[in-house]
Amino acid sequence: MIEVKNLTKIYGNNVDKALDMVKKGISNEEIKNKTKQVVGVRDASFTVEEGETFVIMGLSGSGKSTLLRCINRLIKASAGEILIDGRDVLTMPAKELEELRKRKMAMVFQRFALLPHRTILENVAYGLEIQGLDKEKRVAEATEVIDLVGLKGWEEAYPQNLSGGMQQRVGIARALATDPDILLMDEPFSALDPLIRQDMQEELLGIQEKLQKTIIFITHDLDEALKIGDHIALMKDGQIVQIGQPEDILLSPASDYVARFVENVNRSLALTASSVMVRPRYVVHPKDGPRTALNFMEKHGLSTLFVLDRIGKLKGYIRAEDASEIASQGIKDLGGIIQTDMPTTGPDSPLAGLLEVMAYTKVPIAVVDENNKLQGTLVRGSVIAGLAGGRGEMNNG
């Protein structure tokens, strides 16, 4: 939906000379010293797919907010292209740009930007009013989206009567009311207290699951980026230094700068089950018999084994003591001792939601696909290694 190509923004009155120096690879500092021009964004390129949340992050002054404002041309870029559905925002006539901002794209600001003299309902309906909808329709649509963000019953209140978190919900509702395809969110939660900020992150994830908007989200908080982003672009000195999925940024930093940036992050927010699982090297089938299972367990120091059918679907697990018991009875089939109360998860499940399960389960968590075929197992050793920044080769029992 959005394609940004070689986007550059220069601040100053001698842009052409600075652009020429950018093309020659001259540093931002040298450009500033020689031309008095400031490079805000430098040769940025990326693609945002329809329905994804693309996070642009970096420290203060890295150029992330400038880049965001170039996308809706609140700031006009000095060079490059910004293609939305194939149309270049930088060359759009004024009327087409106005329609883009009215109907296809909406922005959520850090400081809420609510109109203090209007009620919550009137604030949310403001964009619909600009679009020219009659009052009955805009009230109906605004009311619906107010309910979506959890503010039902507050329609007639004024912004000053609401907490910071509630005010930001109004800001999100106002952006959603016009049913835009694209949401631009400029550090929308950074002014909130930590607990409220976490609530708003969860709220955004819930809304995105329902609506599947295309979101570009600006933040300086890596934990926040890892939690909500499908892809992350990390900026430094106006340049994008790495783009990737959260796991890519954590596990394969492209430079020393990125490695330092992520070294103290909460990895459980970004890692998924597939990134820390170990391959199920030791499994049995119902017909294998208890003695075969016991030999596996004794040889590899395991107390449990997963049981698969002949096409790899997970049937359950068996315990060593149960296998020993039926072996002593001369029973040759494992069917009677297969336990089915084991925890399972999908490959894309965030690790953060599995840690509590791991703390209490005595059985490794089975990672299965949509057909219930075993892909791997989560054991404490592999998870700890992943959280510490490495990977361990561990047994699956």
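The values are calculated or read from the model by the stated rules, or taken from the named source; none is laboratory data. From a predicted model like this one, the values you see are computed outputs, not experimental measurements. Cβ sites come from the backbone with ideal geometry, for glycine too, and all protein chains shown count toward neighbours.
Worth pointing out:
- Considering ILE232, ILE207, ILE243, the condition of being among the hydrophobic types (A, V, I, L, M, F, W, C) and within 12 Å of the chain's Cα centre (by Cα) is satisfied by ILE232 alone.
- Listing of helices (runs of 4 or more DSSP H) fully contained in the stretch 83-166 that carry 1 or more residues being touching a helix residue (DSSP H, G or I) at 6+ places or on another chain (Cβ under 7 Å), more than 25 Å from VAL4 (Cβ to Cβ) and not small (Gly, Ala, Ser): 120-124, 126-131, 135-148
- Test: residue in the stretch 292-300 that is assigned to a helix (DSSP H, G or I), buried (at least 17 other Cβ atoms within 10 Å of the Cβ) and in contact (Cβ under 8 Å) with a residue 40 or more places away in the chain: yes
- Looking across the stretch 277-289 at every residue that is touching a strand residue (DSSP E or B) at 6+ places or on another chain (Cβ under 8 Å) and at pLDDT 85 or above, the one that is nearest to LEU387 (Cα to Cα) is identified as MET277.
- Among the candidates GLY12, GLY25, GLY40, the residue that is in the same structural domain as LEU83 (by TED's automatic domain parsing), of a type in the set (Gly, Ala, Ser) and in contact (Cβ under 8 Å) with a residue 40 or more places away in the chain is uniquely GLY40.
- Criterion (under 16 Å from MET277 (Cα atoms), out of contact with any Pro (no Cβ under 7 Å at 6 or more places or on another chain) and part of a loop (DSSP other than H, G, I, E, B)) met by exactly one of ASP341, ASP348: ASP348
- All positions within the stretch 208-223 that are farther than 8 Å from MET57 by Cβ and not in a strand (DSSP E or B): GLN208, GLU209, LYS210, LEU211, GLN212, LYS213, ASP223
- Options PRO188, PRO180; residue that is in the same structural domain as GLU99 (by TED's automatic domain parsing), part of a loop (DSSP other than H, G, I, E, B), at pLDDT 90 or above and in contact with a strand residue (DSSP E or B) (Cβ under 8 Å, 6 or more places away or on another chain): PRO180
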